[in-house]
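The values are calculated or read from the model by the stated rules, or taken from the named source; none is laboratory data. What you see is a predicted model; the values in this text were computed from it and never measured. Here the Cβ positions follow ideal geometry from the backbone for every residue, glycine too, while neighbour counts run over all protein chains shown. All accessible areas refer to the heavy atoms of the entire protein, side chains included, with ligands and DNA or RNA removed. Shrake-Rupley method; radii C 1.70, N 1.55, O 1.52, S 1.80 Å.
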Amino acid sequence: MDAAQDCIFCKIAAKRTQASIVYEDDLFVAIEDASPQAPVHILVIPKKHISEIKDITSGDEELIKKWFWVAVQVASERGLDKAGYRTVVNNGAGGGQTVGHIHIHLLSGRKFSWPPG
Ligand code: 5GP
Ligand code: ZN
């Protein structure tokens, strides 16, 4: 079984697993996080299986540009830009990544501290 077959976010993108989808186009899906860490906690996920940001290749350049564009649009549509929001991309186990398919965490609705935990 290849990584994409066994990947929870690939399954969600393919509608083989249920999720609360808040945005979708041909390249991306954005979902409510199942374990929200803020009043708004959305994951912006490319439908293409890429395990970690270190696995992004030059052929993904347009996809990655649009990835952040989608996050900004989802935030703007919800009015999150007024109060501000945090975007997070964890990378690798040491970076706190638990799902091996890249995703932007879009968090809002509370105060965020720095440095992050
Ligand atoms: P990471 O730790 O990889 O940066 O973030 C993975 C995120 O995916 C976590 O915030 C976790 O709550 C969320 N998550 C894991 N499995 C599922 C799932 O099956 N459905 C949804 N909606 N979120 C999930
Ligand atoms: Zn995947």
Considering residues that are under 12 Å from the mean Cα position of the chain (by Cα) and either without any contact (Cβ under 8 Å) to a residue 24 or more places away in the chain or closer than 21 Å to Glu62 by Cβ (or both), the number found within the range 32-41 is 1
Which condition number in (1) crowded, with 16+ Cβ neighbours inside 10 Å; (2) closer than 17 Å to Gly100 by Cα; (3) out of contact with any Lys or Arg (no Cβ under 6 Å at 6 or more places or on another chain) is the one that Ala13 fails? (3)
So, first residue among the hydroxyl-bearing types (Ser, Thr, Tyr) in the range 1-29, second residue open to solvent by 60 Å² or more (accessible area, probe 1.4 Å) and near ligand 2 (Cβ under 9 Å from one of its atoms), Cβ within less than 7 Å, six or more apart or across chains; the pairs are Thr17/Ile8
Pick out the one residue from Val44, Val29 that is within 11 Å of ligand 1 (Cβ to nearest atom), within 10 Å of the chain's Cα centre (by Cα) and buried (at least 17 other Cβ atoms within 10 Å of the Cβ). Val29
Condition set within 16 Å of ligand 2 (Cβ to nearest atom) and either at pLDDT below 95 or not hydrophobic (A, V, I, L, M, F, W, C) (or both), scope the range 68-104, selection surrounded by the fewest Cβ atoms within 10 Å (Cβ to Cβ): answer is Thr98
Give the number of residues within the range 16-26 that are near ligand 1 (Cβ under 10 Å from one of its atoms) and either open to solvent by 60 Å² or more (accessible area, probe 1.4 Å) or touching a strand residue (DSSP E or B) at 6+ places or on another chain (Cβ under 9 Å) (or both). 4
